[in-house]
Amino acid sequence: MSSRLKEGKENLVERTKIQVKDLSVWFGSTQVLRGVNLDIKENRVTAIMGPSGCGKSTLIRTLNRMNDIIANCRTDGAVLLNGRNILDSTIDVVELRRKVGMVFQKPNPFPKSIYDNVAFGPKIHGMARGRELDELVERSLRDAALWDEVKDRLKMSALSLSGGQQQRLCIARALAVEPEVILMDEPCSALDPAATAKIESLMVSLKKNYTVVVVTHNMQQAARVSDFTAFLYLGEVIEYNDTKVVFNNPSNRLTEDFITGRFG
Amino acid sequence: MTNRELKAKIAFTAIRASALIVVAVACLLILHIVVNGYKIVSWSFILDSPRRGMTAGGIFPAIYGTVCLIVLTLAFALPIGLASAIYFSEYFGSKWSSLVIITRAASNILAGVPSIVYGLLGLGLFVLLTGFGFSLLSSSLTLSFLTLPVIIAASEEALHSVPLAYREAALALGATRWQTVRHAVLPYAIPGMITASILALSRAAGETAPILLTGAAYFLPRLPTSIFDQFMALPFHIFTLSTQSVNPAITRPIQYGTVLVLISLVLGMNLVAIMIRAYYRKRVRALL
């Protein structure tokens, strides 16, 4: 902790949004995460990278307790969101997930209209209706850089959109419940380069209003979009630092091997 | 022709012949019944009561009884079956995994229990113990038990065919489990669940043993007016005509006619199920 404080003034003004403390996760008897510690800064993009199977998806899915739906999942340690441990059994998971939104690897819009997809969250939370809901839907679609492409066909099926548009729709849908944190689990792995570029620039613009955590196995993506990068290997955080530092001056041999493409 | 091609030809022919046997049996059965039964089926046959010791008249009370039975069975089995399927599929957490296995096994065992055993269960439980007597109520409850495992299994399958991604999407938006089921799962599973239930029910409509022991009557001068009345039913009527006839030569055409009506009813229900499925498939495809 003290070493990071020395890195510069910038870090001093940054607020920690999520603090992961000694987090270990097991699926059955297999330990997937081993004592992970991570401070995720508010209004920054934090990338979690690592080779397949290193536990990065498990880590991000712990941040909104999505692992709860997986059988035999056991968690140890703490994850503090705004200082409160979200792994505590007294936490209202529904309220947590409203604050911590998620975008998945494969675009997963409901087979409903574009409008209804974005309105789904606000409706179930009773946030808005009628004109107010229309405005919320528009705002969310604008924030997800999709409004101009779909404003004339809001009533059309979400499944008529391209893969990249569907993913931005899923981002809009997540934004519509007005979360504080957006988790993205390899959001571009099913997309072509052009669509990927759009999502990446979206990530950067989203950090103005949200804290963004993105999981990626693509280190160039981590380098392009993130302010902080964690390198995860076999369930352990090997290195976590300013993205520039991680890529230009990695302190661990494994990180260096990974970013130079020697494995992964 | 090489040896390999010959083998392929023989295999293909054998497979096709097997499939054709199924078609042939189905066609023969239907054809035989239609040819022997169509002459007697008329409006008066459908709307009249049996007369002169069932050697004349129609089969209206049996049709009426079977329809009542189907409706009541549907009323009992559908809500319980759909709710159970939703519970098993959507609410059983990981902590209950051994309970899941036990319940699945129980459901499978129930599905394999012979219908006569259900009849005896109904007789003991509904007719005698709860005192519902020989009645529409006892019979439809018994048939509900019989169809429940089938409805549950088929409905669970329909629920499992809804992509996990929809559930994850809803949960990640902060939907409660019920909201997830209600808005992100059920809309896509309900057509399959309803279709499966109707098919299960059409099977039950033709069951004889369970109703024989719980409320179906050999002959009744009046139609049932309450769920505590006994009733006549098509399958039991066929059983009666074919085993208790005073004059088989005269009752045989009536028997064929009754079989034709029962088969039409069952196939009609299957047709409705297929139409419902086709309608919803089209609606879902319109969204794709």
Chain A, accessible area per residue, ligands and nucleic acids excluded (1.4 Å, Å²): 44 Å²
Dimensionless Rg/Rh of segment B:34-287 - Kirkwood Rh, Rg from C-alpha atoms: 1.06
Principal axis dimensions, largest first and in whole angstrom, of the protein assembly as shown by Cα: 106, 71, 51
Acute angle (nearest 10 degrees) that the helix B:136-160 long axis makes with the longest principal axis of chain B, alpha-carbon atoms: 30 degrees
Of all accessible heavy-atom area on segment B:34-287, the percent that carbon and sulfur account for (1.4 Å): 68 percent
Minimum 20 Å² accessible area buried by the other protein chains, segment A:99-113 residues, probe 1.4 Å, relative to alone: A:Phe104, A:Asn108, A:Phe110, A:Pro111, A:Lys112
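More than 35 angstrom separation, counting every C-alpha pair in chain A; what % is that?
Result for the distance tail: 15 percent.
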Accessible area buried between chains B and A, both sides summed, probe 1.4 Å, in Å² to nearest 100: 2000 Å²
Entries in A:Lys123/B:Lys282; A:Lys99/A:Lys207; A:Lys123/A:Lys155; A:Lys56/A:Lys99 that, when Cα-Cα distance is taken, lie over 23 Å: A:Lys123/B:Lys282
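Tally Lys/Arg at +1 and Asp/Glu at -1 over every other residue whose Cβ is under 12 Å from the Cβ of A:Lys106; what's the total? Let's see the in-between values first.
On the way: positive: none; negative: A:Asp185, A:Glu186, B:Glu168.
Computed value for this residue: -3.
Computing the accessible area with a 1.4 Å probe over protein heavy atoms, can you report the carbon and sulfur percentage for segment A:46-139?
42 percent
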Accessible surface, segment B:34-287, averaged per residue in Å² (probe 1.4 Å): 48 Å²
Peptides A:95-104, A:25-34 ordered by average Cβ neighbours within 10 Å, highest first: A:95-104, A:25-34
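The values are calculated or read from the model by the stated rules, or taken from the named source; none is laboratory data. Everything numeric in this text was worked out from a predicted model, so none of it was measured. Quick reminder, even Gly has a Cβ in these numbers, built from the backbone with ideal geometry, and neighbours come from all protein chains shown. Remember, those area values only see protein heavy atoms, side chains included, never the ligands or the DNA or RNA. Shrake-Rupley method; radii C 1.70, N 1.55, O 1.52, S 1.80 Å.
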